[in-house]
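The values are calculated or read from the model by the stated rules, or taken from the named source; none is laboratory data. Because the structure is predicted, anything quoted here is derived from the model rather than measured. Every residue, glycine as well, gets a Cβ built from its backbone with ideal geometry; the counts of neighbours run over all protein chains shown. In case anyone asks, the SASA skips ligands and DNA or RNA and just uses the protein heavy atoms, side chains included. Shrake-Rupley method; radii C 1.70, N 1.55, O 1.52, S 1.80 Å.
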Amino acid sequence: MEDSIVVLEHVKKYFDIRDSDGKKGTLRAVDDVSFAIKKGETFGLVGESGCGKSTLGKTLLNLSPITDGTIHIEGKDVSQLKGRSEKVQFGSKVQLVFQDPSACLNPRNKIGTILAEPFKIHFKKTMNKQEMEQKIDELLTMVGLAPEYKHRYPHEMSGGQKQRIGIARALALNPDIIICDEPVSALDVSIQAQVINLLEELQEKLDLTYLFISHDLGVVYHMCDRIAVMYLGNIVELADKKALYEETLHPYTQALISAAPSIDQVKKERIVLKGDVPSPSDPPKGCKFHTRCPYTMDICKKEKPLLEEVKDNHYVACHLCKQRN
Ligand SMILES: Nc1ncnc2c1ncn2[C@@H]1O[C@H](COP(=O)(O)OP(=O)(O)OP(=O)(O)O)[C@@H](O)[C@H]1O
Ligand code: SF4
Ligand SMILES: [Mg+2]
């Protein structure tokens, strides 16, 4: 797709694991995922805990090889990057904002030192101390903090302020794509709105593309242009946000939306899913959702439904939805 900045094709990320008896196994965290993100859009990824959202997001950072498939970023196959310098240079295009900013802010360092790190790694020989200080001041101002915050330690800041530092650090190297992995989940509701507004302002100003990961459908609905719903390592539905909410096709998406009343102006009946999410190390055959789906048919237990376009730009992986449309 011409206007796509990220293209994933049949991406798999499996982990080698051992069970309680020490027996070896394979955990299929991401199990054949394909989609494309358009330049400048906010692409949402939702699904229950453990369905593979963070693992999928991290594949774009190219830190460890994927098990199968290809990832193109700005037209370049990231598996073909050669040498450390090419990887580091290309790596700066994609940055990550975490759920818990404290986890990525060294408590022993002042904010100024933390924000200087990316410049020291990338521009050690070309940027002098004064230029670095100026860059740090600019970054702090950009995320709505006064430059004097560079003299503070992380523990001297609130959760919302720490998340602003996490965002400033992600912006330091002028990235094109930011993976926002549950960026507001750890914050108070009142602070969540401020950080979301900041992310929206920065996107506009800096022409950023976001992969926005969250289990909170209300936040995803507010932020995103298109949304992909993930279940046990697969995308089961993908559509523009309006179509996803107003013409929901997949039974799993229907259940997720029915459990998020904040978005639903017209109150829909709550669909309570039976059973727990199966283990990604031993997923059900056929449709992985068949053990919990209220509409399971014989074919669902045997054949895995592929993600196919059933309406304009509305994709779904479900035998029943394909029969109906
Ligand atoms: N390094 C790893 N080694 C083994 N298993 C892993 C590893 N990283 C993740 N997993 C497993 O992969 C699956 C997907 O994990 P992931 O963190 O991507 O889920 P998630 O959708 O982001 O969940 P949450 O909403 O709780 O953040 C889980 O079963 C997890 O235990
Ligand atoms: S394929 Fe079958 S089991 Fe899977 S979601 Fe559709 S109807 Fe339910
Ligand atoms: Mg996660």
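See the values below:
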{"quantity": "Matching residues, segment 284-317, being near ligand 2 (Cβ under 10 Å from one of its atoms), closer than 16 Å to I227 by Cβ and touching a helix residue (DSSP H, G or I) at 6+ places or on another chain (Cβ under 8 Å)", "calculated": "V316"}
{"quantity": "Residue that is over 14 Å from V11 (Cβ atoms) and touching a Pro at 6+ places or on another chain (Cβ under 8 Å), where the choices are L115, L105", "calculated": "L105"}
{"quantity": "Output for segment 35-58, where each listed residue is more than 16 Å from ligand 2 (Cβ to nearest atom) and touching a Pro at 6+ places or on another chain (Cβ under 9 Å)", "calculated": "G50, G52"}
{"quantity": "Restricting segment 194-233 to residues that are of a type in the set (S, T, N, Q) and over 14 Å from the mean Cα position of the chain (by Cα), the residue that is most open to solvent (accessible area, probe 1.4 Å)", "calculated": "Q194"}
{"quantity": "Within segment 27-60, tally of residues that are near ligand 1 (Cβ under 10 Å from one of its atoms) and open to solvent by 40 Å² or more (accessible area, probe 1.4 Å)", "calculated": "7"}
{"quantity": "Pairs with Cβ under 7 Å, 6+ apart, first in segment 24-39 and touching a residue at least 24 places away in the same chain (Cβ under 8 Å), second among the β-branched types (V, I, T) and within 16 Å of ligand 3 (Cβ to nearest atom)", "calculated": "A29/T55; V30/T55; V30/T59; V33/I235; F35/I235"}
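The rows are residues; the columns are (1) buried (at least 21 other Cβ atoms within 10 Å of the Cβ); (2) assigned to a loop (DSSP other than H, G, I, E, B).
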{"position": "Q134", "(1), (2)": "no, no"}
{"position": "E138", "(1), (2)": "no, no"}
{"position": "Q163", "(1), (2)": "yes, no"}
{"position": "P175", "(1), (2)": "no, yes"}
{"position": "P183", "(1), (2)": "yes, yes"}
